[in-house]
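The values are calculated or read from the model by the stated rules, or taken from the named source; none is laboratory data. Since the structure is predicted, the reported quantities are computational estimates derived from the model, not experimental observations. Quick reminder, even Gly has a Cβ in these numbers, built from the backbone with ideal geometry, and neighbours come from all protein chains shown. SASA here: full protein model, heavy atoms, side chains in, ligands and nucleic acids out. Shrake-Rupley method; radii C 1.70, N 1.55, O 1.52, S 1.80 Å.
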Amino acid sequence: MEDPKTLPSVEEYSNTEVQKNQVVTLEEWQEKWVNRNISFHEEQGNQLLKKHLDTFLKGENRLRVFFPLCGKAVEMKWLADRGHSVVGVEISELGIREFFTEQNLSYSEEPIMEIPGAKVFKSSSRDIALYCCSLYDLPKANVGKFDRIWDRGAFVAVNPRDRKRYADIMMSLLGKKCRYLLSVLHYDPTKHAGSVYNIHCLEEVDAFQEKHRKWGIDCLIERLYLFTEK
């Protein structure tokens, strides 16, 4: 485990300069779901989260857990089945509907009055509420503070020019003594760390699969960071 006051070096992330002007629109994210270009989805859930779940939850009950850019992450049902309250945000309505269908959960939907055109989908049998809107609009819905945040690559997925804005929203959602678990692939965490949290690197694993060769790369490392209040 790294010194909690030490962040990985910026020099480790050689693609930062290349990626800084990358822009993916919300419409393009929605098209990924329509075209089934969702290789980022993990059907069996994230193995690092499974391994470090006790560290993340710290034995506490009835926590409010936030999933930014949640997609149809199966981990949402894992945590709801343990009695926790889950809130997610996802721009793709298709992705949200697939989550409830694939997890065999009935649900209701209703408009979010504070965000024109947005909806919230709520499970009938579990404490799960998924907001279909832009993450940047979510604060308008007054979703409150959270005890835990599970960020599996969401910070990496947002456009680099929006990362400061993203980090500000995450900070605004942190409840007292919140634990923020962040899984990343080749990014500069110094832009996200802020100054009020300790950062622990829990694990580093080789995440490369043959499908990644299509991206033109032959190495992919996944790191799991835990942010805790100082």
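When restricted to residues that are in contact with a His (Cβ under 9 Å, 6 or more places away or on another chain) and among the basic types (Lys, Arg), the stretch 119-161 contains 1.
Condition check ((1) aromatic (Phe, Trp, Tyr); (2) farther than 16 Å from Tyr180 by Cβ; (3) modelled with pLDDT of 95 or more; (4) out of contact with any Lys or Arg (no Cβ under 7 Å at 6 or more places or on another chain)) across all residues:
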position: Ser92; (1), (2), (3), (4): no, yes, yes, yes
position: Glu102; (1), (2), (3), (4): no, yes, yes, no
position: Lys145; (1), (2), (3), (4): no, no, yes, yes
position: Asn159; (1), (2), (3), (4): no, yes, no, yes
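Applying the criterion of being aliphatic (A, V, I, L, M) and in a loop (DSSP other than H, G, I, E, B) to the residues of the stretch 33-74, the residue that is modelled with the lowest pLDDT is Ile38. Scanning the stretch 71-85 for residues being open to solvent by less than 10 Å² (accessible area, probe 1.4 Å) and not aliphatic (A, V, I, L, M) gives a total of 3.
From the list Asp147, Asp151, pick out the single residue that is crowded, with 16+ Cβ neighbours inside 10 Å, of a type in the set (D, E, K, R) and more than 28 Å from Ser39 (Cα to Cα). Outline the logic, then answer.
Values: Asp151 fails: more than 28 Å from Ser39 (Cα to Cα).
Unique residue meeting the criteria: Asp147.
Is it the case, given these coordinates, that Val120 is closer than 19 Å to Ser39 by Cα, of a type in the set (Val, Ile, Thr) and modelled with pLDDT of 90 or more?
Working: closer than 19 Å to Ser39 by Cα: no; of a type in the set (Val, Ile, Thr): yes; modelled with pLDDT of 90 or more: yes.
So Val120 does not fit the description; no.
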